[in-house]
Amino acid sequence: MGCMRTVLMITILAFGALVQAAELPRTSAPEGAGVYIISPADGAVTGREVTVQFGLAGMGVAPAGVDKPNTGHHHLLIDVDQPPASNQPIPADDQHRHFGGGQTEIMVELEPGQHTLQLLLGDMNHIPHDPPVMSERITITVE
Ligand SMILES: [Cu+2]
């Protein structure tokens, strides 16, 4: 058991070094930039089809791949406990949804129960800005 833990620790340390070595250039975010969920409200009780409206202050929305200063595109993190690494492209899966078309409102279908929602802006390459532009994490109950 102790041995397994040591191996795990070494693996984690090695992975950390690898990630650092592969660090990608980041796009800086202007001071005071912020992203927030307009709707639903924190603590809201909703149906299974949830319309999420994205708010952005101090920056503009641009589709993925568009190189324009002080812009980015939205990513919705669903039930994500640990925000993704800030020096790597944001993963793309059911829990990390990309809106590379520049969408500012979307509809998601969620299973009944409690869910958390959080927004994270990404640059043209899907990498979080420096510093990351991330919203508060809200909790909703889907009935
Ligand atoms: Cu993206």
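The table that follows gives values for the structure above.
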| read-out | value |
| --- | --- |
| Complete set of residues in region 55-71 that are within 13 Å of the ligand (Cβ to nearest atom) and either among the acidic types (D, E) or at negative phi (or both) | V61, A62, P63, A64, V66, T71 |
| When residues of region 105-133 are limited to those that are outside any strand (DSSP E or B) and within 11 Å of the ligand (Cβ to nearest atom), the one surrounded by the most Cβ atoms within 10 Å (Cβ to Cβ) | D123 |
| Tabulated pairs, region 83-104, first under 19 Å from D67 (Cα atoms) and away from the ligand (no atom under 14 Å from the Cβ), second in a loop (DSSP other than H, G, I, E, B) and not charged (D, E, K, R), C-beta under 9 angstrom, 6+ apart or interchain | N87/A22; N87/L24; N87/I127 |
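Computed from the coordinates by the stated procedures, all read-outs in this text should not be read as laboratory data. Since the structure is predicted, the reported quantities are computational estimates derived from the model, not experimental observations. Neighbour counts are summed over all protein chains in view; Cβ atoms, including those assigned to glycine, are modelled from backbone coordinates with ideal geometry.
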